[in-house]
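The values are calculated or read from the model by the stated rules, or taken from the named source; none is laboratory data. Here the structure is a predicted model, which means the values were calculated and not measured. We place every Cβ from the backbone using ideal geometry, glycine too, and count neighbours over all the protein chains shown.
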Amino acid sequence: MKPMYQQAPENTLHSLVHGMEMFDAIEFDIRLTKDEQVVIHHDRSVSIDRSGFDKRSPYVEDWDLDELLELGFSSLEMLLEHTDIQKAVNEQGKVLVVESKRPSLKVKKSGGWFEKNKHDAHMGKTMHHAEQLLDQYDIPKQSTVHYAFHKSMKNATTLGGIQRSWSTLLPTIRPFGGRNTHRLLALPEYVMTPFSRLMRKHQRNGSPMMPCAIEYLQSPTNMVPLGTTVGLKGRQLKRLNTIRKGFPVYVWPVKPSIEYDVLNAGLSALTDESDPTLTWLPNGHARWNQPATLPLDEAQRQRLDQATKENHLQILNELQDEVVPWKECDESRKRELLTFWRRKWHWSRSVDELLDLERRSGSMPWELVRMIGHRGAGKTKRPVL
């Protein structure tokens, strides 16, 4: 009898490797340590029991990397040098979504409340150090994207000399306060930024994809922004596809109850659920964890959609045996898949354009619908360690 699955703490090496094995991509958070190394860590404060601070600063940016590694956190370098990550990116076409985090305003080098130039410089430096490591470990440029809750990302990427693609997480979350404060301060921007305007902002910035909060797609929160309401079904879904025309959208967070609807709408999904035994979703569909790197054609998709709770494991096993990984598909097979997806989701770019883009970049088109492990294998409780 197999032991029960136990989720590893978020953003740890174990969690990240597991997430990459399970899905098409992983998303994780980086911060710059006191000795200017890149650590993978989400919260502003070191996520350990408060007794471990021993009257010292709790903020990640005031700790050296070695101190954080001793606690069990991971560096970006540890992740990139891992053989499973190297194989996933370079041989399977999987993607790294890298979120840079601003330090607490109480950290001296953060720039405090008013020194915007220091805010941008710190973000630029964080991404620059990450880029150096990504280059050192031969991670393809088109297999990574930077993003952050930072309004002036364009200036930050310029200051950091960033060569990879980038995007902005909106509405902006400030580097202070808790969840309720974040949501309250983000509300005015959310109200004034409907889905269509959010997309235009990302397209003007040259972003390869658009991060999108699930609130834009679910009732009743999708009715709050002024402008056209979009969603995952019916007329709202038609409006969504008319607006985006295939522009890649990465939705967060996506719970199992709506996972099928998000993917079926042609959107990529950030998930916190990485239990390999989760094979049947709450809304009555079999789960397919790697829609981009293990792509299903129209007939295979129909077989999976018609599966029942009783026979879905058999169908999943059959498909696992017969599906050709994207990186092993010949041009004819890729053309068949892209034609199916383009017709279903009303993509604007032609199949020839998408194939040409892949030939030139060496990486899968961003349009492909992906499952993405949020913070590796998923968000976990506090303290993380």
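Scanning segment 360-382 for residues that are over 21 Å from V145 (Cβ atoms) and in contact (Cβ under 8 Å) with a residue 12 or more places away in the chain, which turns out farthest from the chain's Cα centre (by Cα)? Even if it seems obvious, please write down each step before you answer.
Our first condition is that a residue be over 21 Å from V145 (Cβ atoms); within segment 360-382, this holds for 380-382.
Still in the list and also in contact (Cβ under 8 Å) with a residue 12 or more places away in the chain: 380, 382.
Working: T380: 16, R382: 21 Å.
It comes out as R382.
Hey, any hits in segment 264-286 for a residue that's touching a residue at least 60 places away in the same chain (Cβ under 8 Å), β-branched (V, I, T) and within 26 Å of Q92 (Cβ to Cβ)?
For segment 264-286, residues touching a residue at least 60 places away in the same chain (Cβ under 8 Å), β-branched (V, I, T) and within 26 Å of Q92 (Cβ to Cβ): present.
Could you please let me know if L357 is within 25 Å of the chain's Cα centre (by Cα) and free of Cβ contacts under 8 Å to residues at least 60 places away in the same chain?
Values: within 25 Å of the chain's Cα centre (by Cα): yes; free of Cβ contacts under 8 Å to residues at least 60 places away in the same chain: yes.
It is true that L357 is within 25 Å of the chain's Cα centre (by Cα) and free of Cβ contacts under 8 Å to residues at least 60 places away in the same chain.
Between A213, A265, which is closer than 28 Å to K141 by Cα and surrounded by fewer than 19 Cβ atoms within 10 Å (Cβ to Cβ)?
Details: A265 fails: surrounded by fewer than 19 Cβ atoms within 10 Å (Cβ to Cβ).
Unique residue meeting the criteria: A213.
Of all residues in segment 326-385 being over 13 Å from P291 (Cα atoms) and of a type in the set (D, E), which is surrounded by the fewest Cβ atoms within 10 Å (Cβ to Cβ)?
Looking at residues that are over 13 Å from P291 (Cα atoms) and of a type in the set (D, E), I get D330.
State all residues of segment 177-196 that are exposed (fewer than 15 other Cβ atoms within 10 Å of the Cβ) and either hydrophobic (A, V, I, L, M, F, W, C) or assigned to a helix (DSSP H, G or I) (or both); if no residue qualifies, say none.
The first filter runs over segment 177-196 and keeps only residues exposed (fewer than 15 other Cβ atoms within 10 Å of the Cβ), leaving 177-181, 183-184, 187-189, 191-192.
Across segment 177-196, the qualifying residues are R179, N180, T181, R183, L184, L187, P188, E189, V191, M192.
Could you check R360 against (1) assigned to a helix (DSSP H, G or I); (2) at pLDDT 95 or above; (3) not aliphatic (A, V, I, L, M) and say which number it fails?
That leaves (2) as the condition not met.
Keeping to segment 218-272, report how many residues are under 12 Å from R370 (Cα atoms) and of a type in the set (D, E).
Qualifying residue count, segment 218-272: 1.
Name the helices (runs of 4 or more DSSP H) wholly within segment 7-98 that hold at least 2 residues that are closer than 27 Å to Q290 by Cα, of a type outside the set (D, E) and in contact with a strand residue (DSSP E or B) (Cβ under 6 Å, 6 or more places away or on another chain)?
Values: elements: 13-22, 65-71, 76-81, 83-90.
In segment 7-98, the matching helices (runs of 4 or more DSSP H) lie at 13-22.
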